[in-house]
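One structure is given below, encoded as structure tokens.
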Amino acid sequence: MEEGRFASNDLDSPTKIAKQSELDILRDSVFTQIIMGGDINKFDDFIKKWRPQGGDQILSELEASIQKKAGK
């Protein structure tokens, strides 16, 4: 796999394109806190914020794209 390339890059998700920067900032902030010794339970808080801010829609779009590419 190329550096900086993710499997989801070949899938369609308009929400991912629109929200990626915002969600990356949220992710990076929480992950940095955890790495620096913060409570691992902050990950659960991250998911609770990530999902309604576009994460659930991204997952839905990626699943639909997988099904489409699989011919289903």
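Below are the figures for this structure:
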item: Nitroxide proxy distance, nm - points 7 Å out along Cα→Cβ at Phe43 and Asp24; result: 2.2 nm
item: Cut-off 14 Å between beta-carbons: net charge of the residues surrounding Asp44, Lys and Arg +1, Asp and Glu -1; result: +3
item: HN-Hα J in Hz across segment 37-42 - Karplus 6.51, -1.76, 1.60, θ = phi - 60°, x for Gly and Pro; result: x, x, 4, 4, 5, 4
item: Folded to 0 to 90 degrees: helix 14-35 orientation relative to the chain principal axis, Cα; result: 30 degrees
item: Accessible heavy-atom area order of Asp24, Asp39, highest first, probe of 1.4 Å; result: Asp39, Asp24
item: Local net charge near Asp12, Cβ-Cβ under 12 Å (Lys/Arg +1, Asp/Glu -1); result: 0
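The values are calculated or read from the model by the stated rules, or taken from the named source; none is laboratory data. Bear in mind the structure is a predicted one, so any value in this text is a computation, not a measurement. We place every Cβ from the backbone using ideal geometry, glycine too, and count neighbours over all the protein chains shown. The area values use the complete protein model at the heavy-atom level, side chains included, leaving out ligands, DNA and RNA. Shrake-Rupley method; radii C 1.70, N 1.55, O 1.52, S 1.80 Å.
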